[in-house]
Each structure stands twice: as structure tokens, then as C-alpha cells.
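Report on the structure given below.
The values are calculated or read from the model by the stated rules, or taken from the named source; none is laboratory data. No experiment lies behind these values; they were computed from the predicted model shown. Virtual Cβ from ideal backbone geometry, glycine too; neighbours counted across all protein chains shown. Ligands, DNA and RNA are excluded from the accessible area calculation, which covers all protein heavy atoms including side chains. Shrake-Rupley method; radii C 1.70, N 1.55, O 1.52, S 1.80 Å.
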Amino acid sequence: KLTTDARREIGALCGDLRVEPWIEKLSFSVQDVVDRFERSHPELTISLTIGRSIDNTWVSTVEHEALVAILRTSLLNIAEHANASATHIHLWEHNARVHLEILDNGLGLEREKPPRLEPSMDADHVRGSGKILCRAYAKSCGGTYEISSRDTGGTVVRFTTETSWRRY
């Protein structure tokens, strides 16, 4: 379990990246997260590709929040742990499924190790807590979450969920 201090620290890190409640379209929410992240982490170059059909795709609140949370958590992990200089985010819809792919040019993943508490100066930190959170977000909406090292270096995150989409 995360300690109260660790929860506060995570909340503080994510606070300025929260999506404003009036933003409804998924593409707007993703762009908003990326814009805010770029302002707070200018050292990381982010490219974003959003498929045209995503603008006509609507998802449930649970799916929307899961995707945005996975994006935020992934960007924070890239900034904190990957030693990456660039990341690419691709968001698209195909066959009533929304896909999010996040690639970075960082160090890649360590060999799989079980999560464990690691003492730090500010609070206890659970190694692997980002992956645990992202899997929980994906599970909350019936989606899938995968993370792996890329053969060319860096890491790739993939999130997919079925959508309750409608075209307008």
C-alpha cells in the first residue's frame, strides 16, 4: 500500500495535468494533457498523432478517464525514469476500439521485477506502481494495457478499450 505521503506526492505530480471537466472529446483531453505536460517538462519533445476518426468517437466517462490517466501516468514515468529525450503518442479509433500507443526513446524497462517498497528521501515508493495503476485503469473499463521494451531502445505502452462510440 502506498503511504499517505506517497499518495499526496503522486497527487501533486498529477495535479497540474488534470483534464478540465468541460472538455468532452477525447482528442481535446489528450491534447490538453500533452500541452500541460510540455509546459512543465520542456526537456522532453512530444509528438502527437490523432487519427481523424477519433474526433467523431465518444467514449464513456470511465473509458475517457482511464485513457487520460494512463497517458498522464506514462508521461510522468517517462519524465522521471526513462531518461528519454522524445516520445510519440498515437491515438486512433478502429472497429469501435480506441487505441493509445506511447513510444519513447529512453532506457527501456528493467527486467521484470516484482513491485517492492523502496525507501526514498521524501516517501516510500513502490517500484512498478505506475504499471500497477495503469493496469487498474485499463481493467476499470474493460480495456487492455501492455508495456514493453522496444527492440530499437525505449519503451512502448499500448492501451486499447472498446468504446460506446457514436458518430455525429
Scope region 75-91; condition modelled with pLDDT under 95 and closer than 17 Å to E146 by Cβ; matching residues
N77, I78, A82
Hey, does region 35-47 have a residue that's under 22 Å from Y145 (Cβ atoms), outside any helix (DSSP H, G or I) and over 14 Å from the mean Cα position of the chain (by Cα)?
yes
Looking at (1) within 16 Å of F159 (Cα to Cα); (2) of a type in the set (A, V, I, L, M); (3) open to solvent by 40 Å² or more (accessible area, probe 1.4 Å), which one does A96 not meet, given that it meets all the others?
(3)
Between V19, V34, V30, which is within 19 Å of E63 (Cα to Cα), at pLDDT 95 or above and open to solvent by less than 60 Å² (accessible area, probe 1.4 Å)?
V34
Residues being exposed (fewer than 15 other Cβ atoms within 10 Å of the Cβ), of a type in the set (V, I, T) and either assigned to a helix (DSSP H, G or I) or at pLDDT below 90 (or both) - total across region 48-69:
1
Those residues of region 78-88 which are within 14 Å of G130 (Cα to Cα) and crowded, with 22+ Cβ neighbours inside 10 Å amount to I78
